[in-house]
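Presented below is the structure to which this report refers.
The values are calculated or read from the model by the stated rules, or taken from the named source; none is laboratory data. Keep in mind that this is a model prediction, so the values were computed, not measured. So basically every Cβ, Gly included, is an ideal-geometry build from the backbone, and we count neighbours across all protein chains shown.
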Amino acid sequence: MANYALDRWNKLPKYQPQEDTRLLLKTTHRQYQQTSKILTMQKNNLITLLEITFPNANSLFSSPMREDGSEKWVDFVETFWHSQCVASRSEKAFQERFKGWCKKHGYRYSEQKAAEVYAAARSHVCALPKMDETKLLIERTVAQIRSSSKALASLDRQMRKLAEALPEYPVVMEMYGVGPRLGPQLMAEIGDVRRFHSKSALVAYAGVDAPPYQSGTVDVRSRSITKRGSPSLRRTLFLIMSVLLQKAPPNQPVYQFMDKKRAQGKPYKVYMMAAANKFLRIYYATVKAHLDTLEKS
């Protein structure tokens, strides 16, 4: 008995660090989700404030979030918080001001974009005049957004670092639609894939399975997904499927399956979740085979 206990103890250092990493990765992801929700609320609040100072200013720029969490439209409205900050100048004067602003914040200057912004500012009649009190509200909200954005970016970097320490990371990153941001999130919610006894068990855990329903002589085999599993995993899967739908890679089996269901006239959510189901089955087979091979070697 003593020898058995000693043998078990000797094995702990090999496996326990991975389990600790997986738990920490999942915990970090949950914090990431909470921070993301807060950030969304703060952005919506800023957009509401802009409705009375500079309507639709948030839609003037489509640049994605940077690695440090900053966004062009948020940086813009901190300086040009009221339409009169733009419209009170001549177009040439604004172009020079905007050019200097782009250089200061590291954004590419476009004369066409400057003209577009100037035209938008001139076309709006704002509910509130340009006042210091309103400026303070905008600045405080921008400060809140920046704080949350930095926290989100930090959590994202931490998730990548933790995910890279896990043996399945290189295999997961090779899967189409799974990038450096969604890959760690997917790994965080699935954990060690070997804890599921089959592909169907993983699909059921995600809640994207559609089990057959029988009642008397009625046999319905096209039902909605159960949604009894992990909502966090379903959300991550939906984002990955959105990438596939946007990129439309013709040679990828998951997209081919999605496109087939769409061609059959299936509703958006149905073909998206059907594709997520197939994706999880491929994930299970690929990652499990990789882990099993590593364990044997």
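For this structure, a couple of remarks:
- Where a residue in the stretch 180-194 is without any contact (Cβ under 8 Å) to a residue 40 or more places away in the chain and its partner, wherever it lies, is part of a helix (DSSP H, G or I) and surrounded by 24 or more Cβ atoms within 10 Å (Cβ to Cβ), with Cβ under 7 Å and at least six apart: G183/A163
- Taken over the stretch 50-76, residues that are in a helix (DSSP H, G or I) and in contact with a Leu (Cβ under 6 Å, 6 or more places away or on another chain) amount to 1.
- For the stretch 199-214, residues that are at pLDDT below 55 and polar (S, T, N, Q) total 1.
- Within the stretch 97-125, if we keep just the residues that are assigned to a helix (DSSP H, G or I) and hydroxyl-bearing (S, T, Y), the residue that is modelled with the highest pLDDT turns out to be Y118.
Rundown of residues vs (1) farther than 29 Å from R160 by Cα; (2) at pLDDT 95 or above, yes/no style:
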position	(1), (2)
G183	no, yes
G216	yes, no
D219	yes, no
P249	no, no
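- Matching option when the condition is more than 30 Å from S297 (Cβ to Cβ) and over 23 Å from the mean Cα position of the chain (by Cα), among R89, R146, R66, R157: R89
- Of the candidates E96, E116, E91, E111, the single residue that is in contact (Cβ under 8 Å) with a residue 40 or more places away in the chain and surrounded by fewer than 20 Cβ atoms within 10 Å (Cβ to Cβ) is E116.
- Qualifying residue in the stretch 127-134 (condition: assigned by TED's automatic domain parsing to the domain that holds N56 and touching a Lys or Arg at 6+ places or on another chain (Cβ under 9 Å)): no
- Failed criterion for R262 (all others in (1) among the basic types (K, R); (2) over 22 Å from Q185 (Cβ atoms); (3) not in a helix (DSSP H, G or I) hold): (3)
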